[in-house]
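Student: Right, I'll just put the structure down here and ask away after.
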Amino acid sequence: MAHPHLLVENHPAGYRWLRLARPERRNALDPGLLAAIRDALAAEPGTPAVLGSADPQVFCAGADLTISDAERAVVSDLVYDACETMVTRPGPVIAVITGAAVGGGAQLAAAADLRIAGPGARLRWIGPPGLDLAVGAWLLPDLVGRGAALDLVLTGRWVQAAEALALGLVNRVTEDPERAAGQIAADLAARGAAPGVKAVMAADGLLDRLRAEREVNRAAWTRVTGFGQQ
């Protein structure tokens, strides 16, 4: 089902654009938007997808702070649904990061198979204070190594585009990341590349770590909301 804050476009070159479009809330995530992202990625699993923002100033500010704790708990859980869909779908996902990506937004960006950043991109893996959430511990070691991953997860500090490139968090930094991502997606669509590669990449404990982090965060939210999540 179409969602007003997710623009989906089938490109003639054989890939799909998914653009977050909630500029008044900096693309903040609520349950409906996250479910729409997950469902759009799952709808055509073999087709390359490009995930970006309709607003070049921001990728995604993370969970919507105006919704209830119970809804934010659902958002936290749905992030892992969307990330698991990205990891397991045979078609590649390319994230275009043109501004801030925070918390769940940083999770979505990092779970993509390739990340193309603009010069103003910055990322931060952090959850609400006092909840002791794990944010990004499941995949950052694969991208940057254990030491750097611990730094980013424990401190929740900002990572600017140049450092993200040096660490391996993003694959390219370019003045026109949408154009670069579109060219890559079109090439992948033409060659039919990725299904076997993605299956091998997901085989070495990545999904186990995703599910472990999900359970840690479910327990943390249960302590706040007073009821378990299904």
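The values are calculated or read from the model by the stated rules, or taken from the named source; none is laboratory data. As the structure is a prediction and not an experimental result, all values here were calculated from the model. With ideal geometry, Cβ positions are generated from the backbone for all residues, glycine too; neighbour counts draw on all protein chains shown. Protein only, heavy atoms only, side chains kept; ligands, DNA and RNA dropped before computing areas. Shrake-Rupley method; radii C 1.70, N 1.55, O 1.52, S 1.80 Å.
Student: Tell me, what is the 1.4 Å probe accessible area of T47, in Å² to the nearest 10?
Tutor: It works out to around 30 Å².
Student: For helix 69-88, what angle does its Cα long axis make with the longest principal axis of the chain, in degrees from 0 to 90 and rounded to 10?
Tutor: Here the helix axis deviates by roughly 40 degrees.
Student: Something else about it: Ranked highest first by average number of other Cβ atoms within 10 Å, how do 73-83, 213-223, 2-12 line up?
Tutor: Values: 73-83: 22.8, 213-223: 16.8, 2-12: 13.8.
Descending packing order for the listed peptides: 73-83, 213-223, 2-12.
Student: Return the carbon/sulfur percentage of the accessible area of the chain, one whole number, probe 1.4 Å, all protein chains in place.
Tutor: Values: 5560 of 10020 Å².
The value for the chain is 55 percent carbon and sulfur by accessible area.
Student: May I pose another question? By how many degrees, between 0 and 90 and to the nearest 10, does the Cα long axis of helix 31-43 differ from the longest principal axis of the chain?
Tutor: It works out to around 40 degrees.
Student: Please give the per residue accessible area of the chain, computed with a probe of 1.4 Å over protein heavy atoms only, in Å². It would help to have the intermediate numbers written out before the result.
Tutor: Values: 10020 Å² over 230 residues.
So the chain comes to 44 Å² accessible per residue, rounded to a whole number.
Student: As a test, work out the antiparallel percent of DSSP beta bridges whose residues both lie in the range 76-220, rounded to the nearest 5. Display every interim value, and only then the final one.
Tutor: Details: 2 of 11 bridges.
Here the share of antiparallel DSSP bridges comes out near 20 percent.
Student: Still on this structure, I have one more. In deg cm²/dmol and to the nearest 500, what is the mean residue ellipticity at 222 nm of the chain if only DSSP H runs of at least 4 residues count, each as -39500 (n - 2.57), divided by the residue total?
Tutor: Numbers: 9 runs with 105 residues, N = 230.
It lands at -14000 deg cm²/dmol.
Student: Taking every DSSP beta bridge with both residues inside the range 9-149, roughly what % is antiparallel (nearest 5)? Walk me through the numbers on the way to the answer.
Tutor: On the way: 2 of 20 bridges.
Just about 10 percent of them are antiparallel.
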